[in-house]
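Every number in this text was worked out from the coordinates using simple rules, so none of it is lab data. Keep in mind that this is a model prediction, so the values were computed, not measured. Here the Cβ positions follow ideal geometry from the backbone for every residue, glycine too, while neighbour counts run over all protein chains shown.
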Amino acid sequence: MARETIVVVEDDDDIRELVRINLEREGFRALGFSRGEEALRQVQQSRPACVILDLMLPGMDGLEVCRRIRGAGETAALPVIMLTAKGEESDIVTGLELGADDYIVKPFSPRVLVARLKAVLRRPRRGQVVTESETISVHGLSINPGRHEVLAAGRPLTLTASEFRALYHLAARPGWVFTRAQIIEAVHGANYPVTDRSVDVLMVELRRKLGAAGRHIETVRGVGYRFREEAA
C-alpha cells in the first residue's frame, strides 16, 4: 500500500526534522519545507494527504498559505493542521475560521501530533456530505437523519429541529472543532441572525436531553464545540 504523503511547513530545522522523523516512524511519507511558497508548489504537484503548517514563516505566513489552499478548487478539501507557538484564543479562532482542521500549540508532544493527524485523516473531507439515509453510531448514540431520530442506548430522545441539526453536525465529525458561527450556519443556514449566546444555550439544552451522552459534547474555550472522538 502506498504511503500517505504529509507536507510539513516549518522554518525551525530541528522542529521540522522532529516532526518528519515521527511521521516516518508511523508509516507516512513526510516532505519538509521552510517556506510557504515552496510548500504551496509541492501541494499543487503532489496532492498530499495533509499539510502540517507553522504560522510564523519567512515570506508568506501560514495564514496566507492556508487561505490559498482553501481558495483553490483542487486543494480546498485538503486537511490542514496548524502547528504554532501562537496560542492566544484570537489566533486559534482565526486559524479555524480560515479552514484549519486542527490547531496544535507549541511546545507539543510528537505522539499527540501523530494521533491528531490520524484523527483528521479519518474525518470526512470538506464538502463530503453524509447522505440522509446514513445513520451515525457513536458513543452509544444512533442518529438517523432520514427519520429525524436519535436513540441513546436504544431509548428514543425528543429533540427540536435545531438541536437535531447541531448534534448531527458535530457527531458526523468526531474530534473536529466547530466555531459558534459554523454551528449557526449548519443549523440555520448562512447569514442567520443568531447570537453566539444562543448557540451556548442550545448546547446546554442538548446536553441535558442527551443525559449521560451529553458529556461527549465538549466546549473548546474561546473557540466553540466538538463531539468527543471515540477511543481507538
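I'd like the trypsin sites (Lys or Arg not before Pro) in segment 1-81 restricted to DSSP loop residues with at most 16 other Cβ atoms within 10 Å, sorted by number.
Details: sites: ARG3, ARG16, ARG20, ARG25, ARG29, ARG35, ARG41, ARG67, ARG68, ARG70; in loops: ARG3, ARG35.
Sparse-neighbourhood loop trypsin sites (Lys or Arg not before Pro): ARG3, ARG35.
So, in Å, what gap is there between the alpha-carbon centers of segment 29-60 and segment 69-99?
What the calculation gives is 13 Å, centre to centre.
Please state the relative contact order of the chain as a whole percent: Cα pairs under 8 Å, 6+ residues apart? Each step should come with its number before you reach the end.
Values: 366 pairs, mean separation 31.0, N = 232.
Once divided by the residue count of the chain, the mean separation gives 13 percent.
What length, rounded to one decimal in nm, is gained on full extension from ALA85 through to GLU97, with 0.36 nm per residue of separation minus their alpha-carbon distance? List each step's numbers first, then the result.
Numbers: separation 12, 0.36 × 12 = 4.32 nm, distance 1.80 nm.
Computed gain between ALA85 and GLU97 is 2.5 nm.
Among the lysines, which fall within straight-line cross-link reach of LYS106, defined as a Cα-Cα distance under 18 Å, with same-chain neighbours fewer than 8 residues apart omitted?
Counting by Cα, and skipping residues close in sequence, LYS106 has these lysines nearby: LYS86.
Over all directions, the average projected area of the alpha-carbon convex hull for segment 5-122 comes to how many nm²? Could the numbers behind the result be given before it?
Working: hull surface 25.6 nm².
If you wrap the Cα atoms of segment 5-122 in a convex hull and average its projections, you get 6.4 nm².
To test your reading of the geometry: what angle, between 0 and 90 degrees and rounded to tens, separates the Cα axis of helix 13-25 from the longest principal axis of the chain?
It is inclined by approximately 60 degrees.
Using Cα atoms only, what is the angle between the long axis of helix 89-98 and the major principal axis of the chain, expressed in degrees (0 to 90) to the nearest 10?
On a 0 to 90 degree scale, this one is about 90.
Projecting each Cα onto the charge dipole of the chain (Lys/Arg +1, Asp/Glu -1 at the beta carbon, about the Cα centre), which of LEU96, VAL9, LEU202 comes out farthest on the positive side?
Projecting each Cα onto the dipole axis, the largest value belongs to LEU202.
What is the distance in Å between the Cα centres of segment 166-186 and segment 8-23?
31 Å
For segment 144-232, which GluC sites (Glu not before Pro) pass both filters: DSSP loop (anything but H, G, I, E, B) and at most 15 other C-beta atoms within 10 Å? Display every interim value, and only then the final one.
Numbers: sites: GLU149, GLU163, GLU185, GLU205, GLU218, GLU229, GLU230; in loops: GLU229, GLU230.
In loop regions of segment 144-232 (DSSP not H, G, I, E or B), the sparsely surrounded GluC sites (Glu not before Pro) are GLU230.
Using unit Cβ charges (K, R positive; D, E negative) and no other charged atoms, how large, in debye to the nearest 20, is the dipole of segment 1-130 about its Cα centre? Spell out each step's value before the answer.
Details: 20 positive and 21 negative charges, 151 e Å.
My answer is approximately 720 debye.
To the nearest 10 degrees, how steeply does helix 62-71 sit against the main Cα axis of the chain, on a 0 to 90 scale?
The helix 62-71 is inclined about 60 degrees to the chain.
Restricting to the chain, what percent of DSSP beta bridges are antiparallel, rounded to 5?
Numbers: 16 of 32 bridges.
Antiparallel bridges: around 50 percent, rounded to the nearest 5.
Quick one: among ALA172, ALA119, ALA153, which has the greatest mean-square fluctuation in a GNM of the chain with alpha-carbon springs under 10 angstrom?
ALA153
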